[in-house]
């Protein structure tokens, strides 16, 4: 009897650790993107990087970071 194939986890340009979280704080997003934290805030204010407000915290969905990276690839 053969064993069933193990399903592969979807890959992401952000890596496995980011897949486990659904959102990150601006400092974490900056680290993932390789830019400074202030630039993350500039991108959020300009509407180029989606974020949500949770109480006093600003959270950036991992999907929004992936969308940002994809849109930047198209623009380049």
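The values are calculated or read from the model by the stated rules, or taken from the named source; none is laboratory data. Not measured: the values here are computed from a predicted model. Cβ placement follows ideal geometry from the backbone for every residue including glycine, while neighbour counts extend to all protein chains displayed.
It is to be established whether one or more residues within region 3-17 are modelled with pLDDT of 75 or more, in contact with a helix residue (DSSP H, G or I) (Cβ under 8 Å, 6 or more places away or on another chain) and surrounded by 11 or more Cβ atoms within 10 Å (Cβ to Cβ).
No.
Applying the selection to region 31-41, what residues are within 17 Å of residue 71 (Cα to Cα) and surrounded by 13 or more Cβ atoms within 10 Å (Cβ to Cβ)?
If the condition is that a residue be within 17 Å of residue 71 (Cα to Cα) and surrounded by 13 or more Cβ atoms within 10 Å (Cβ to Cβ), then 32, 33, 35, 39, 40 are the ones that fit.
Of all the residues that make up region 42-51, how many are touching a helix residue (DSSP H, G or I) at 6+ places or on another chain (Cβ under 9 Å) and under 12 Å from residue 26 (Cα atoms)?
Residues in region 42-51 being touching a helix residue (DSSP H, G or I) at 6+ places or on another chain (Cβ under 9 Å) and under 12 Å from residue 26 (Cα atoms): 5 in total.
For region 64-74, which positions are farther than 14 Å from residue 28 by Cβ and either without any contact (Cβ under 8 Å) to a residue 24 or more places away in the chain or surrounded by fewer than 12 Cβ atoms within 10 Å (Cβ to Cβ) (or both)?
Correct list: 67, 70, 71, 72, 73, 74.
Please find, within region 20-30, the residue that is surrounded by the fewest Cβ atoms within 10 Å (Cβ to Cβ) out of those that are at pLDDT below 95 and either over 12 Å from residue 62 (Cβ atoms) or touching a helix residue (DSSP H, G or I) at 6+ places or on another chain (Cβ under 7 Å) (or both).
This residue is 22.
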